[in-house]
1. Looking at this structure, is residue 268 assigned to a loop (DSSP other than H, G, I, E, B), over 23 Å from the mean Cα position of the chain (by Cα) and among the basic types (Lys, Arg)?
2. Test of understanding: among 126, 171, which residue is buried (at least 24 other Cβ atoms within 10 Å of the Cβ) and either within 15 Å of ligand 2 (Cβ to nearest atom) or in contact (Cβ under 8 Å) with a residue 12 or more places away in the chain (or both)?
3. Where residues in the range 207-248 are in a loop (DSSP other than H, G, I, E, B), open to solvent by less than 20 Å² (accessible area, probe 1.4 Å) and within 13 Å of ligand 2 (Cβ to nearest atom), which of them is farthest from residue 172 (Cα to Cα)?
4. Have a look at 120, 39 and point out the one that is in a loop (DSSP other than H, G, I, E, B), within 16 Å of ligand 2 (Cβ to nearest atom) and of a type in the set (Val, Ile, Thr).
5. Could you please find all residues in the range 191-205 being within 16 Å of ligand 1 (Cβ to nearest atom) and either open to solvent by 70 Å² or more (accessible area, probe 1.4 Å) or aliphatic (A, V, I, L, M) (or both)?
6. When you scan the range 170-180, do you find a residue that is assigned to a loop (DSSP other than H, G, I, E, B), more than 12 Å from ligand 1 (Cβ to nearest atom) and more than 30 Å from residue 317 (Cβ to Cβ), even just one?
7. Return yes when residue 188 is surrounded by fewer than 20 Cβ atoms within 10 Å (Cβ to Cβ) and either away from ligand 1 (no atom under 15 Å from the Cβ) or over 14 Å from residue 70 (Cβ atoms) (or both) and no when it is not.
8. Looking only at the range 262-279, decide whether some residue is more than 21 Å from residue 14 (Cβ to Cβ) and of a type in the set (Gly, Ala, Ser).
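The values are calculated or read from the model by the stated rules, or taken from the named source; none is laboratory data. Since the model is a prediction, treat every value here as computed from it, not as a measurement. Quick reminder, even Gly has a Cβ in these numbers, built from the backbone with ideal geometry, and neighbours come from all protein chains shown. With ligands, DNA and RNA removed, areas are computed over all heavy atoms of the protein, side chains included. Shrake-Rupley method; radii C 1.70, N 1.55, O 1.52, S 1.80 Å.
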Amino acid sequence: MDDQFADLPPARLQDLLHQMMLIRAFEEAAEQLYLQGMIHGTMHLSIGQEGAAVGACAALRPTDYILSTHRGHGHCIAKGARVDQMMAEFFGKETGYCRGRGGSMHIADVSTGNLGANGIVAGGVPMVAGVGLSIQMQRQDRVALVFFGDGAANEGAFHESLNMAAIWSLPVVYFCENNQYAMSMAIARASKIERLSDRACAYGIPGVTVDGNDPLAVYRATREAVERARSGGGPTLIEARTYRWKGHSKSDKQRYRTKEEVKQWQERDPIARLAQQMIEASILTEGDLATLQARVEQEIIDAIEFAKVSPEPDPATILEGVYA
Ligand SMILES: Cc1ncc(C[n+]2csc(CCOP(=O)(O)OP(=O)(O)O)c2C)c(N)n1
Ligand SMILES: [Mg+2]
């Protein structure tokens, strides 16, 4: 396969397309279930940002680690999580990834290398330096990638973590999903520089900005950063420019942006883009696409059913996993 597809074979490209479609279907279903009162609390949807999660995780091995964010459903699925166990976690059921204790914002799945989502903005950023140091000291053949938002890039811990990872050449990738807003705060109001990746030069590490709605561009940039980290070349800062179609969380009147702006970004849908590219290259047909769509819909129906019939956690186990 030529470079247009970053040397990925057609079957692998279909996997990436499937993952992006699964993330979208999962979140659309989660939102519906929330509106029906079946799921409680709040949630942060990444609809529109699927290309960043999938492109980044495609460059990682199953044994590599990720740390995720409050907007982390896509990261989980892209790293290989099962949607039924995720859905059970949303429902607070015993069969969920965290036995129903974590919910939307705290899904971890160590078996696929997902060390956990985090409700603290930039929470994973200092942690990834620790994970990287642990990998280095144990001489393991692993890389740790941390996802964080544009808002998180303005937290103090960002500076400390990048500096430490840089001086020790830790096997880490800093992956900033710049979705243009931190709640209602537009990036242009919160940062004086045009490209967040330019901050890398302050730590003596490479920085790159990519189109986060182009999963293959994200994959290429992450693959290069992962290779560098794995071969002892130290960390890289990647900025993936993308956009969240939905509000910040479940209570957001979205007075800080216009409908036109949202529409413009929706026209740059990462899923439609990859599908179109593959159809034009005759490695996907409209029929294949319809089959994929039917498959993800069935996967979500099965996941909801699994969650519904799963048992509630036994109240007698409430103190398990609690540190006192
Ligand atoms: C340390 C901390 N400060 C503030 C908050 C409240 N908060 C939750 S999400 C968020 C915005 C984060 O923006 P960004 O990092 O760009 O991620 P995005 O929501 O856009 O994915 C804020 C301020 C928090 N959870 N943690
Ligand atoms: Mg943001």
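1. Details: assigned to a loop (DSSP other than H, G, I, E, B): yes; over 23 Å from the mean Cα position of the chain (by Cα): no; among the basic types (Lys, Arg): yes.
The answer is no for residue 268.
2. Within the list 126, 171, the selection yields 171.
3. Step by step, filter the range 207-248, then rank; the result is 247.
4. Only one candidate qualifies: 120.
5. If the condition is that a residue be within 16 Å of ligand 1 (Cβ to nearest atom) and either open to solvent by 70 Å² or more (accessible area, probe 1.4 Å) or aliphatic (A, V, I, L, M) (or both), then 193, 195, 196 are the ones that fit.
6. Looking through the range 170-180, at least one residue is assigned to a loop (DSSP other than H, G, I, E, B), more than 12 Å from ligand 1 (Cβ to nearest atom) and more than 30 Å from residue 317 (Cβ to Cβ).
7. Taking the combined requirement at face value, the residue satisfies it.
8. Within the range 262-279, none of the residues are more than 21 Å from residue 14 (Cβ to Cβ) and of a type in the set (Gly, Ala, Ser).
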